[in-house]
Amino acid sequence: MFCGYYGAISIIKAYSLIYHFTGISMTEISQDSNNHISPEVQAQFRSFIEPFFSQYHRDRCYLGLIFKQGKRDMLQINVPASDFSGLLQAKPSTGNDPDSGKNRPEVKGHADEIKKYIVERSRKEKKWIVGTLTANVNPEEITIIELGRGMCVVVIPRKVKLDITDGQHRKRAIHELIESADSDLISDDDFAITLVLEGDFQQCQADFRDMAQTRQLDKSLLLSFGEFSGRVGITKELIKRVPMFQGKTEKIKSSPSTKQRLIYTTNFIARFVSCVFTNDPSNQLREFDVYEESDALVICLNQFFSECSNTEYISDTSVDDLTENEVAAFKEDCILGVSVGLEVLGRLLHCTYAPESQYFNQEKISQLAEIDWSRENPLWQDNVVRIDPNPKNPDKPYKLSTTATAVTDAVRKVKIQLGWIYN
């Protein structure tokens, strides 16, 4: 099919190319609502383009787009997964010598994370996506046959390798997948490559540095745009249905702005949710039912926040009616206004949950609500709250400890005080 040849090439450019080489105008091309191109026009185009692929059948041959950016000549091509092994190569630095390669050393485990993402979603027949890779090649080593209007045929001899500028971990993940027993999951997929026509080693290193300066997305933003399943789905439900979180949660940035009367971030709540159900703040809860689990947790939290004297006012008051000073005081005085306090609460609620019935023990929730969650409570001292010997404000000498040990100690101390365990 025509569109199979073109991939990323737009229909408008395709029409222009057909006219350029066949003399058939756009008005002569039959179309339906899906921009369908008639079989006759497709056949004419194939008869034109096929000789190029036949001539270079021993090499790798792709249709491409030519463009310029930053005073550089570039190409865009689509490459089948099966071509990755022989076509692309990464040259990461080794040892303590940055000049030993064009890329930074690989981050251990990152390629495995990408591979796991593709495999898990493919097996569930869900959509997935990886970004465009960027590579460079000396233009003298390849052949570019310009077809007009920014389109071309790119011929890459089999002996030539494309050096990755950006996407070394994606390349490794795809390479390992295509050579694994799971190769059928991506065998029919194509991957876009932006090809920089550049042969200078130092410029290639500079390109890698420049591309690596892209700002990392905040975790809250990634979660806000995450798939509505597992802990992402449960988190979104809590933010909508728990007054303590509703309107008081930062969904984009990494920290909540007191001036905007925000107390939590989506990431704070997501970690809390994982603690509640698995006692592990990083668990994605992929096998958990969003609606059943969130229904139970919404009831639990609304009971807790309305019964707890530290949170009752904040929970019952709309964000529009809260003042900046009230939010600032809550975040400063109560450990439930910060991430580490939510983690402690989450791990304690885990002890009240019966997974077989999606039920939280209401009596134990009330016991947790009766605790004084202010930083002044000696219960938190020497675990999540420490005394600052040189505080800026002598009236508030408390600083937080967010280490795993501090959280574990705080949870254990509460369990002992409530008689859930014995010392």
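At-a-glance table
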{"item": "Residues located in the range 41-74, provided they are among the polar types (S, T, N, Q) and farther than 26 Å from residue 198 by Cβ", "result": "42, 44, 47, 54, 55"}
{"item": "Enumeration of residues in the range 130-161 that are closer than 11 Å to residue 193 by Cβ and in contact with a Cys (Cβ under 6 Å, 6 or more places away or on another chain)", "result": "136"}
{"item": "Some residue of the range 78-88 being assigned to a helix (DSSP H, G or I) and at pLDDT below 70", "result": "no"}
{"item": "Count - residues of the range 216-232 that are hydroxyl-bearing (Ser, Thr, Tyr) and open to solvent by 20 Å² or more (accessible area, probe 1.4 Å)", "result": "2"}
{"item": "Pick from the range 233-274, criterion hydrophobic (A, V, I, L, M, F, W, C) and open to solvent by 20 Å² or more (accessible area, probe 1.4 Å), ranking: modelled with the highest pLDDT", "result": "268"}
{"item": "Residues of the range 108-167 satisfying the condition of being open to solvent by 40 Å² or more (accessible area, probe 1.4 Å), under 28 Å from residue 48 (Cα atoms) and either of a type in the set (Phe, Trp, Tyr) or modelled with pLDDT under 90 (or both)", "result": "149"}
{"item": "Qualifying positions in the range 369-382 - modelled with pLDDT of 95 or more and crowded, with 21+ Cβ neighbours inside 10 Å", "result": "373, 380"}
{"item": "Criterion: farther than 30 Å from residue 378 by Cβ and among the hydrophobic types (A, V, I, L, M, F, W, C) - qualifying residue of 305, 288, 330", "result": "288"}
{"item": "Selection status of residue 255, of a type in the set (S, T, N, Q) and more than 21 Å from residue 325 (Cα to Cα)", "result": "no"}
{"item": "Residue that is surrounded by the fewest Cβ atoms within 10 Å (Cβ to Cβ) [pool: residues in the range 341-355 that are at pLDDT 95 or above and aliphatic (A, V, I, L, M)]", "result": "342"}
{"item": "Residues being over 26 Å from residue 68 (Cα atoms), under 21 Å from the mean Cα position of the chain (by Cα) and not in a helix (DSSP H, G or I) - total across the range 142-178", "result": "0"}
{"item": "Output for the range 363-414, where each listed residue is assigned to a helix (DSSP H, G or I) and within 33 Å of the chain's Cα centre (by Cα)", "result": "404, 405, 406, 407, 408, 409, 410, 411"}
{"item": "Unmet requirement for residue 358, which otherwise passes all of (1) more than 30 Å from the chain's Cα centre (by Cα); (2) open to solvent by 30 Å² or more (accessible area, probe 1.4 Å)", "result": "(1)"}
{"item": "Residue ID - least open to solvent (accessible area, probe 1.4 Å), chosen from residues in the range 291-326 that are β-branched (Val, Ile, Thr) and assigned to a loop (DSSP other than H, G, I, E, B)", "result": "311"}
{"item": "Condition check for residue 343: among the acidic types (Asp, Glu), part of a helix (DSSP H, G or I) and either at positive phi or touching a residue at least 60 places away in the same chain (Cβ under 8 Å) (or both)", "result": "yes"}
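The values are calculated or read from the model by the stated rules, or taken from the named source; none is laboratory data. If you're wondering where the values come from, they're calculated on a predicted model, not measured in any experiment. Quick reminder, even Gly has a Cβ in these numbers, built from the backbone with ideal geometry, and neighbours come from all protein chains shown. Accessible surface areas use protein heavy atoms only, side chains included; no ligands, DNA or RNA. Shrake-Rupley method; radii C 1.70, N 1.55, O 1.52, S 1.80 Å.
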